[in-house]
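Q: Okay, handing you the structure first.
What follows is calculated from the coordinates using simple rules that are stated; it is not laboratory data. Being a predicted model, the structure only gives us computed values, none of them experimental. All Cβ positions, glycine included, derive from the backbone under ideal geometry; neighbour counts span all protein chains shown.
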Amino acid sequence: MTERVADAGREISLAYEEIGDAGADPLVLVAGLGQQLHSWPTEFCERLAERGYRVVRFDNRDVGRSTHMRFRPPGPAAMITRRWHPQQYDLTDLATDTVGLLDALGYQDAHLVGISMGGMIAQTVAARSPRRVRTLTSIMSMTGARGVGRPAPSTWLRMAGRRPATRQAAIEGAVRMFRHIGSRGYPFDEEWIRELAGLGWDRDPSREGTGRQLAAIIRSGDRTAQLRAVTAPTLVIHGDHDRMVHPTGGAATARAIAGARLETVPGMGHDLPMGAWPVLLDLIDGHARRAGTARSTDASTTS
C-alpha cells in the first residue's frame, strides 16, 4: 500500500491509495467533509480487500495531499447570502474529480461507497455518469432537501468554533466533536480519534479547505430531482443516533432513488465504530455481490 498522486484533470491532483489484488473489482471509498483518505481506517479497507475488492481511498480536493484551492474560504455571511467566490466549486465538480480518478487508474466503472459528503459526491457521480458506477452505497448522507438530514443545533454550534491553531488543539477538538456526533451504541475509541486527528494535521494543517467543501454542499442545494437519474443498484445506510446528518437524510435519499434499499444501524452515529464494522462490511459486500450477480444474469439473458 503506497500513497500516490493522480491527475484527475482540470488541474486537480488527487492523493490516493489502493489496497488489495490488482485484478479485483474496484471499490472506491469517498471521504466526508474535511476528512482525508485515512478516515477510512486501514483495517476496514483491508477487510474489504480480503472479500475480493481492489479498494481505493483518496483525498478529495482541498484536503490532505490533494490539490488545494487558493481563494479564501467563505465566511458565515457568504454562506447565508450565497454570494460565492467566482472559483467556488460544488458537488458536481467534486464528482467530476472522482470520475477523473477512475480515468487515471484505468477503471471503466467501480463500486462507489461514500460517507457523509462523500455519499453526496458518490450520488452525484451515479446521477451524472451512470455507466461508471456498478453499485452505489450512500452512508450517513442526504439529498440537500430542506428540512431533512440537518445537523442538530448543538452540532452547528460546535462546527462554528474557531479553526484550531495547533496540532494538540486539533486533536482535542476532534475528540470533543466525535464524542458529540459519534455512536451511542458502541464504545468510544478515543485513541483512534486522536490518531486520526494527529495524522490529519500532519498531512494538512491548513484546514481552510473544509470551509470551501461546506460551501460546495450548500451551493449544490436540493439534489432530489437529480437523484431520480440514478440507475445503479443503491444501498443507503444510516445510524439512528446521527447528530451530524439526521436520519431523515438517509430516508430521503432512499426515497429519491428508484429501487434503493435503506438499512438503519441501531446505535450508530456519525462515525465508523469498530463494533459496527461486521454489519457495515456485510452490507457493502452483500450489496456489491447481489448487484454483480444480477448484472451477470442480465448479460447472459440478453446474449
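Q: How much mean residue ellipticity at 222 nm does the chain get from its helices, if each DSSP H run of length 4 or more adds -39500 (n - 2.57) and you divide by all residues, to the nearest 500 deg cm²/dmol?
A: Dividing the helical sum by the residues of the chain leaves -13500 deg cm²/dmol.
Q: Next up: Can you list the DSSP H helices in the chain whose Cα atoms extend at least 15 Å along the helix axis and whose mean Kyte-Doolittle hydropathy is -0.5 or higher?
A: Span-like helices in the chain: 91-105, 117-128, 167-181, 209-220, 277-302.
Q: Still on this structure: Report, by chain and number, residues whose modeled amide H sits under 5 Å from the one on residue 267, excluding near sequence neighbours (fewer than 5 apart, same chain).
A: Result for residue 267 returns 240, 241.
Q: Follow-up. Using the charge dipole of the chain (Lys, Arg: +1 at Cβ; Asp, Glu: -1 at Cβ; taken about the Cα centre), state which of 175, 291, 277 has its Cα farthest towards the positive end.
A: Positive-most Cα among the choices belongs to 175.
Q: Arrange the following residues from fewest to most other Cβ atoms within 10 Å of their Cβ: 234, 81.
A: Listing 234, 81 from fewest to most nearby Cβ atoms yields 81, 234.
Q: What residue among 95, 19, 107 has its Cα farthest toward the positive end of the dipole of the stretch 14-108, where the charges are +1 on Lys, Arg and -1 on Asp, Glu, each on the Cβ?
A: Checked the options; the winner is 95.
Q: May I pose another question? Using the Cα gyration tensor of the stretch 248-295, with a ≥ b ≥ c the square roots of its eigenvalues, what is the shape: rounded (a/c below 1.5), prolate (a/b larger than b/c) or oblate (neither)?
A: It comes out oblate by the Cα gyration axes.
Q: Can you give the charge dipole size of the stretch 180-243 about its Cα centre, rounded to the nearest 20 debye, using +1 on the beta carbon of Lys and Arg and -1 on the beta carbon of Asp and Glu?
A: Approximately 440 debye in magnitude.
Q: So, with +1 on the Cβ of K and R and -1 on the Cβ of D and E, and no other charges, what is the size of the charge dipole of the stretch 107-239 about its Cα centre, to the nearest 20 debye?
A: Magnitude of the dipole: close to 540 debye.
Q: Which of rounded, prolate, oblate describes the chain, given a ≥ b ≥ c as roots of the alpha-carbon gyration tensor eigenvalues and a/c under 1.5 marking rounded, otherwise prolate only if a/b is larger than b/c?
A: In terms of gyration-tensor shape, rounded.
Q: Separate question: Amide H to amide H, which residues 5 or more places from residue 25 or on other chains are under 5 Å from it, using H placed in the peptide plane?
A: HN-HN under 5 Å from residue 25: 54.
Q: Can I ask one more? Apply the a/c threshold of 1.5 to the C-alpha gyration tensor of the stretch 150-220 and tell me whether it is rounded, prolate or oblate.
A: Oblate shape, in that a/c is at least 1.5 and b/c is the bigger or equal ratio.
Q: Something else: Given a Förster distance of 30 Å, report the FRET efficiency between residue 146 and residue 176 from their Cβ-Cβ distance, rounded to the nearest 0.05.
A: Rounded to the nearest 0.05, the efficiency is 0.55.
Q: Enumerate the amide H contacts of residue 134 below 5 Å, restricted to partners 5 or more residues apart or on another chain; note that Pro and chain-start residues carry no placed amide H.
A: Close amide H contacts, sequence-distant or interchain: 110, 111, 112.
Q: Using +1 on the beta carbon of Lys and Arg, -1 on that of Asp and Glu, and nothing else charged, what's the dipole of the chain about the Cα centre, debye to 20?
A: Details: 38 positive and 33 negative charges, 260 e Å.
Computed charge dipole of the chain: roughly 1260 debye.
Q: Take the chain, connect every pair of alpha-carbon atoms lying under 10 Å apart with a spring to form a Gaussian network, then pick out the residue of 155, 143, 248 with the largest mean-square fluctuation.
A: 155
Q: Now for a different question. Go through 116, 148, 126 and say which Cα lies farthest out towards the positive end of the charge dipole of the stretch 39-182; charges sit on Cβ, +1 for Lys and Arg, -1 for Asp and Glu.
A: It is 148, whose Cα lies furthest towards the positive end.
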